[in-house]
Amino acid sequence: MWPIAAGSIIGFTIAIVKFWSFRQMRLNVFEFIQGIFKELKAGRVDNALELCNKYSHHPLAAVFKIGIERRVLPADRLEKILEQAGNNQIQKMEKYLGTLVSIISIEPLLGFLGTITGLIRAFMSWEKAGANITVNALAGGIYEAMITTAAGLSIAIPLYLCHNYFISRIKFTANDLNNHCIQLLEAITEMKEASLK
């Protein structure tokens, strides 16, 4: 039970930290995008950067800031920089999820290991008692077998649901980054063309 308990503490700590970090990333993406493009279209680059700084806790704002700051670069070079910046943001969001997956996988296995050791104890008691075996002699081993399995599954199931939620949020954010960075490139190109006229 000690390894199961240790895994649960680590797993739920990661889940709480990730929930808090995702909560901090709240942003009305539509309003943010419209605000950025409005400022860029008007040539107010400083205002666009201020808007990015205001929402710097969100990956989209962080990537947009990098794109706007390096707007003078050629389009193909800027596209690669935005792609790399987006990947870096996704990696930040995925932090600790590998550990969480390991805990989700290991907890049930530890529970099943407890089942085996519990049944071994029960059969050893049976062997010692022989024909005089009683329910009380078997109960300790069977109890150990059932409680460890239940504990392992009780920890793994909610953590698995948390992990799926985190992955769905990351995929949604990655999709936003991909789509809106293309729009940002187009807006920067239009801004450059307008400045040359």
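The values are calculated or read from the model by the stated rules, or taken from the named source; none is laboratory data. Predicted model only: the values in this text are computed from it and were never measured. For neighbour counting, all protein chains shown are included, and Cβ atoms are generated from backbone atoms with ideal geometry for every residue, glycine included.
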Report yes if some residue within the range 138-150 is part of a helix (DSSP H, G or I), modelled with pLDDT of 85 or more and either of a type in the set (A, V, I, L, M) or more than 20 Å from residue 100 (Cα to Cα) (or both); otherwise report no.
yes
In the range 71-88, the residues that are at pLDDT 90 or above and farther than 13 Å from residue 181 by Cα
77, 88
Hey, any hits in the range 5-25 for a residue that's under 16 Å from residue 167 (Cα atoms) and in contact with a Cys (Cβ under 7 Å, 6 or more places away or on another chain)?
yes
Being at pLDDT below 90, crowded, with 16+ Cβ neighbours inside 10 Å and assigned to a helix (DSSP H, G or I): is that true of residue 122 here?
yes
Search result, residues across the range 14-32 that are modelled with pLDDT under 90, in a helix (DSSP H, G or I) and among the aliphatic types (A, V, I, L, M):
29
